[in-house]
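**Student:** Let me begin by handing over the structure; questions about it come next.
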Amino acid sequence: MAEIRSLHDAVADLVHEGDTVAMEGFTHLIPYAAAHEVIRQGITDLTLARMTPDVVYDQLIGAGLVRKLIFSWGGNPGVGSLHRFRDAVENGWPRPLELDEHSHAGMANRYVAGASRLPFAVLRGYRGSDLATRTDTVSSVVCPFTGEELAAVAALNPDVTVVHAQRADRQGNVQMWGLTGVQKEAALAADRVLVTVEEMVDELTPRPGGVVLPTWVIDAVCVVPGGAHPSYAAGYTVRDNAFYQAWDPIARDRDAFIQWIDENVRTEGAVAR
Amino acid sequence: MAEIRSLHDAVADLVHEGDTVAMEGFTHLIPYAAAHEVIRQGITDLTLARMTPDVVYDQLIGAGLVRKLIFSWGGNPGVGSLHRFRDAVENGWPRPLELDEHSHAGMANRYVAGASRLPFAVLRGYRGSDLATRTDTVSSVVCPFTGEELAAVAALNPDVTVVHAQRADRQGNVQMWGLTGVQKEAALAADRVLVTVEEMVDELTPRPGGVVLPTWVIDAVCVVPGGAHPSYAAGYTVRDNAFYQAWDPIARDRDAFIQWIDENVRTEGAVAR
Amino acid sequence: MTTEDFTRDELMEVNAARALAGARTCFVGIGLPSTAANLARATVNPGLVLIYESGTIGSKPTRLPLSIGDGELAETADAVVPVPEMFNYWLQGGRIDVGFLGAAQVDRFANINTTVVDRGPGKPEGRLPGAGGAPEIASNCGKVLMVLRHSTRGFVRKLDFVTTLGHGSGPGDRERLGMPGAGPVEVITDLGVLRPDPATAELVLSALHPGVTVEQVRDATGWDLRSADTVGVTEPPTAAELAALRALKSAGKEDR
Amino acid sequence: MTTEDFTRDELMEVNAARALAGARTCFVGIGLPSTAANLARATVNPGLVLIYESGTIGSKPTRLPLSIGDGELAETADAVVPVPEMFNYWLQGGRIDVGFLGAAQVDRFANINTTVVDRGPGKPEGRLPGAGGAPEIASNCGKVLMVLRHSTRGFVRKLDFVTTLGHGSGPGDRERLGMPGAGPVEVITDLGVLRPDPATAELVLSALHPGVTVEQVRDATGWDLRSADTVGVTEPPTAAELAALRALKSAGKEDR
């Protein structure tokens, strides 16, 4: 059963040094506030998983908290590179970053296997690609009916998954809608689940496209209005595209990055959360 | 792209003698009207697939059109046996019925593999069960990462899937809601898709729990109000539980069954459709 | 209250509901398990999350569903999910505390047959409905409860077909097969309650319903049923339990 | 209209949109492919179904999305599906006519690298964003279109890493690997259009944009680019195409 908690306490209890953490969200509903709380608490040696690591992972990587990234596409969508990610991979700054790199189809299926508590998933993928040469989480299986060889990807079961959603009821049932991406799978694949929400309501009235995560698969719900900014929560906030574009010059420069994090994240009550 | 057609023409064109046909629906949205059209047209030697064959398949089997059934639970839910199904299996009347029998988890995953155009799906299932001894569509695979042996089920790709839905727009996009069961998978696994709907509308406004099948994965849409009776279409009709209970004595008796089919299905414009 | 005030079926149903005290989530089979689970929500476990294989999570029906796909199950649910998701993410995902099953035939190790029965030489096998969700429910739920009427037709020495594994041929079989759940922990009948002996995994008589004798149960069991060290007597149904049960059933009859 | 009236990028974008004439469904990568696909909807193919890997089917945005997960993509879609479903049922399911990809590096067989680039001895590999959906888009869509600016950095003799297979090392490779789609059929750049030679699967110059010479294209290509038997010249953009393209781009800029 989910407890309704402060973000500080929920992060402190559920995210541990050395954990594999998935903070999912496909452009939409990215849990920035929770990630910033991780930075404030300095929880380190993390393995981060996500199909589309974007600016929020750039921040965690630049803050030196990440030792490994499991992913399939790392960029600032429509803007360019993730400079902190590149700096870590190319130059080991502020620390080396190990990679476990997949295609989207493979990552999505790794979460599906995780949520299904199967050790692997099968797809027709990675054919002719060098990707499989750089990871030990892609292999192959042979169909026992047709003899076809198919790709197998290892299940991905994070220690903790963090997602942002539109709302929760007082029992901790969570509802999200719009692009819900791979969030359900990431949550159900994890040992622990932390959800930040825009709003707490008395009753979760059904919504078109609504996905409900029952309270009994969640550990903590934190009410954090705007907790996805500069990402967005459909029906509550809009994507701050200007922020994503402004991030590029900040992230290009180590000092500018450090200053930004200090002023906007590490300072309690900072504007950019 | 779906054509909007009469039920007669759509069934005549899309359902062929000897086809594997899935008419899915988990209590809800069962395409009775389309099945009755198949009976009227006498399309025979069918292999029928469905997780929960109920009264509608009892009718098709009793009408002598079915040579094989692929299924996981065959009964009249809450009432009792499917007597025509039993008579066919036990006594070969009106013809022998071959069975390919699974668990629900296995059948659901056979459709998932079919919709995913994979030759098989993996599950932790059938363990300790005799089921696998009576089918050639259950096998096993070994996880290349952990060495665990898991069940493999062969993909199920019907020649044609028939489903009932609440509504369609004039382009043939189809929307259903409520218990949508395994209908999406059954439709996407099939070579051809026939959908009957309660209503045609100008625009498919989003609905909570709504599932949309785009027109370009459907071959024909037929407007057949009440086409799920005695099953139901949430928001349009209610389940005729009394019919399901009344079916039991009809189906117990071969003559009563034949008379019922003649009067209610084979007679054009019959009351029970 | 005396035994005249309730039926054997009501004893079975009330005790089946009681077995759900303390459970968080229950995967509910149709028929007697559904009666028990809904009665539990009305009595010992108002917060019990009912999960039906049609895809509903947290159904709160006000009357007994006739089928696992009745409209009210979806309308009152916390979430409705596609059937493949139900079996893969929720059941196989190990998220469900209790699986509640009925059965046509049960053997002494709580293995279940719902597929075919042998009707004797020269006669065709008798056809049952089939497996449904049971094999994976019994494998993946935290534990399994079973409810069925007591008779030598149902409680058999040897199953004609193993649809669903309970405890196999004894201790260790589930582990060997890699089945995560504890398997059947209780079989509730109209005569009493059987539980697996911890040492042998064999079902033994552990409680009688009021007014039932050990001999009656043994006569209705197809194997040489042993008794637990202590055979208790179940508490008679309370007035509240009976009222709730009868209200559920009469509400369910309106449109049948 | 003269060449002064439009840019090289606009030539690329307009011709990329034209390549979508007649397609029913397109799996759209972000960036140039998204510009092209949205322009196609505004010009040559109003009924084109846009599919984004974020899960939207039939998006009808009125401005260019910055990311594949912009809100308008979901709000205007015929259906929004979970990401695993998108990749398994829709892409792998073989339901999508055209995959439209960008690339960092392309070789003569239209293989793609979006993973790492070699920056020379003693220097660390340069990091690119990674595969995203491309390997399976290129494998499973009916055919693949590519759009990228022409330069020797992009059109290379040998890829530093094969992220996504195009035609491998020549005819037969896709078949041998069991890839259902036809693979890359056209690479549209700011200088012209390359297509695989049917006999060798090697990309050859098959059309120049107005005002571009064969030498210019060869100079911007890292391998010894051959020309098709006939090298055409693409039609200049029409006023309507340019107006639609510029309207899309300016609408997209409002909130950036």
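The values are calculated or read from the model by the stated rules, or taken from the named source; none is laboratory data. Since we're looking at a predicted model, the values are computed, not measured. Here the Cβ positions follow ideal geometry from the backbone for every residue, glycine too, while neighbour counts run over all protein chains shown.
**Student:** Determine, yes or no, whether A:V223 is in the same structural domain as A:A35 (by TED's automatic domain parsing), crowded, with 16+ Cβ neighbours inside 10 Å and out of contact with any helix residue (DSSP H, G or I) (no Cβ under 6 Å at 6 or more places or on another chain). So that I can check it myself, show each step before the final result.
**Tutor:** Values: in the same structural domain as A:A35 (by TED's automatic domain parsing): yes; crowded, with 16+ Cβ neighbours inside 10 Å: yes; out of contact with any helix residue (DSSP H, G or I) (no Cβ under 6 Å at 6 or more places or on another chain): yes.
So A:V223 passes the test.
**Student:** Determine which single condition D:V193 fails, assuming it passes every other condition in (1) over 17 Å from D:G102 (Cβ atoms); (2) touching an Asp or Glu at 6+ places or on another chain (Cβ under 8 Å); (3) of a type in the set (V, I, T).
**Tutor:** (1)
**Student:** Just wondering, is there one or more residues in the stretch A:71-92 that are within 9 Å of chain D (Cβ to nearest Cβ), among the hydrophobic types (A, V, I, L, M, F, W, C) and without any contact (Cβ under 8 Å) to a residue 12 or more places away in the chain?
**Tutor:** For the stretch A:71-92, residues within 9 Å of chain D (Cβ to nearest Cβ), among the hydrophobic types (A, V, I, L, M, F, W, C) and without any contact (Cβ under 8 Å) to a residue 12 or more places away in the chain: present.
**Student:** B:R67 fails exactly one of the following numbered conditions: (1) at pLDDT 95 or above; (2) surrounded by 24 or more Cβ atoms within 10 Å (Cβ to Cβ). What is the number of that condition?
**Tutor:** (2)
**Student:** Report yes if some residue within the stretch A:229-250 is under 20 Å from A:A22 (Cβ atoms), within 12 Å of another protein chain (Cβ to nearest Cβ), touching a residue at least 24 places away in the same chain (Cβ under 8 Å) and in a strand (DSSP E or B); otherwise report no.
**Tutor:** For the stretch A:229-250, residues under 20 Å from A:A22 (Cβ atoms), within 12 Å of another protein chain (Cβ to nearest Cβ), touching a residue at least 24 places away in the same chain (Cβ under 8 Å) and in a strand (DSSP E or B): present.
**Student:** Also, quick follow-up: Out of the stretch B:87-127, which residues are closer than 22 Å to A:G125 by Cβ, out of contact with any strand residue (DSSP E or B) (no Cβ under 8 Å at 6 or more places or on another chain) and surrounded by fewer than 24 Cβ atoms within 10 Å (Cβ to Cβ)?
**Tutor:** Within the stretch B:87-127, B:R117 is the sole residue that qualifies.
**Student:** Spot the failing condition for C:E72; the list is (1) of a type outside the set (S, T, N, Q); (2) touching a Pro at 6+ places or on another chain (Cβ under 6 Å); (3) crowded, with 24+ Cβ neighbours inside 10 Å; (4) under 21 Å from A:P206 (Cα atoms), and only one is missed.
**Tutor:** (3)
**Student:** Residues to consider are C:G31, C:G22, C:G71; find the one that is small (G, A, S) and in contact with a Phe, Trp or Tyr (Cβ under 9 Å, 6 or more places away or on another chain).
**Tutor:** C:G71
**Student:** I'd like the residue in the stretch A:112-141 that is within 7 Å of chain D (Cβ to nearest Cβ) and part of a helix (DSSP H, G or I) and, out of all such residues, is nearest to C:I96 (Cα to Cα).
**Tutor:** Only one residue tops the list, namely A:V112.
**Student:** Within the stretch B:251-269, take every residue that is surrounded by fewer than 20 Cβ atoms within 10 Å (Cβ to Cβ) and of a type in the set (G, A, S) and give me the one that is nearest to the other protein chains (Cβ to nearest Cβ).
**Tutor:** The residue in question is B:A256.
**Student:** Provide a single number: the residues in the stretch D:115-143 that are at the interface with chain A (Cβ under 9 Å from one of its Cβ atoms) and in a loop (DSSP other than H, G, I, E, B).
**Tutor:** Qualifying residue count for the region: 11.
**Student:** Moving on to the next point. Taking the stated definitions as given, is C:V187 within 11 Å of C:V106 (Cα to Cα) and not in a loop (DSSP other than H, G, I, E, B)?
**Tutor:** When the stated conditions are applied, C:V187 passes them.
**Student:** Between B:R167, B:R192, B:R127, B:R117, which is more than 22 Å from B:G25 (Cα to Cα) and of a type in the set (K, R)? Break it down into steps so the answer makes sense when it comes.
**Tutor:** Numbers: B:R167 fails: more than 22 Å from B:G25 (Cα to Cα); B:R192 fails: more than 22 Å from B:G25 (Cα to Cα); B:R117 fails: more than 22 Å from B:G25 (Cα to Cα).
Unique residue meeting the criteria: B:R127.
**Student:** For the stretch A:3-59, what are the residues that are surrounded by fewer than 24 Cβ atoms within 10 Å (Cβ to Cβ) and assigned to a loop (DSSP other than H, G, I, E, B)?
**Tutor:** Correct list: A:R5, A:S6, A:V15, A:H16, A:E17, A:G18, A:D19, A:G42, A:I43, A:T44, A:D45.
**Student:** Residue under question is C:R41, and the condition is that it be more than 27 Å from B:Y244 (Cβ to Cβ) and not β-branched (V, I, T); does it hold?
**Tutor:** The answer is no for C:R41.
**Student:** Is it the case, given these coordinates, that B:R207 is within 14 Å of chain A (Cβ to nearest Cβ) and either crowded, with 20+ Cβ neighbours inside 10 Å or more than 19 Å from B:I30 (Cβ to Cβ) (or both)?
**Tutor:** yes
**Student:** Looking only at helices (runs of 4 or more DSSP H) that fall completely inside the stretch D:1-96, which ones have 1 or more residues that are within 14 Å of chain A (Cβ to nearest Cβ) and more than 18 Å from D:S139 (Cα to Cα)?
**Tutor:** Per the criteria, D:32-42, D:71-75.
**Student:** For the stretch A:72-86, which positions are among the hydrophobic types (A, V, I, L, M, F, W, C) and either surrounded by fewer than 24 Cβ atoms within 10 Å (Cβ to Cβ) or not assigned by TED's automatic domain parsing to the domain that holds A:M23 (or both)?
**Tutor:** Residue satisfying the conditions is A:V79 alone.
**Student:** Could I ask something else about it? Just to check your reading of the model, which residue among B:A113, B:A121 is touching a helix residue (DSSP H, G or I) at 6+ places or on another chain (Cβ under 6 Å) and farther than 23 Å from C:V117 by Cβ?
**Tutor:** Exactly one residue qualifies, and that residue is B:A121.
**Student:** So which residues in the stretch C:39-80 are over 22 Å from C:S250 (Cα atoms) and touching a His at 6+ places or on another chain (Cβ under 9 Å), if there are any at all?
**Tutor:** Within the stretch C:39-80, C:E53, C:S54 meet the criteria.
This table checks each residue for (1) touching a strand residue (DSSP E or B) at 6+ places or on another chain (Cβ under 6 Å); (2) under 18 Å from B:V153 (Cβ atoms); (3) within 14 Å of another protein chain (Cβ to nearest Cβ).
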| site | (1), (2), (3) |
| --- | --- |
| B:V21 | yes, no, no |
| B:G25 | no, no, yes |
| B:Y32 | no, no, no |
| B:I39 | no, no, no |
| B:T47 | yes, yes, no |
| B:V56 | no, no, yes |
| B:Q59 | no, no, no |
| B:G64 | no, no, no |
| B:L69 | yes, yes, yes |
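**Student:** Condition test on B:P230, is it modelled with pLDDT of 95 or more and closer than 30 Å to D:T76 by Cα?
**Tutor:** So B:P230 does not fit the description; no.
**Student:** Let me spell it out: the conditions are (1) surrounded by fewer than 21 Cβ atoms within 10 Å (Cβ to Cβ); (2) over 24 Å from B:Q175 (Cβ atoms), and A:L188 meets all of them except one. Which number is the exception?
**Tutor:** Only one criterion in (1) surrounded by fewer than 21 Cβ atoms within 10 Å (Cβ to Cβ); (2) over 24 Å from B:Q175 (Cβ atoms) is unmet by A:L188, namely (1).
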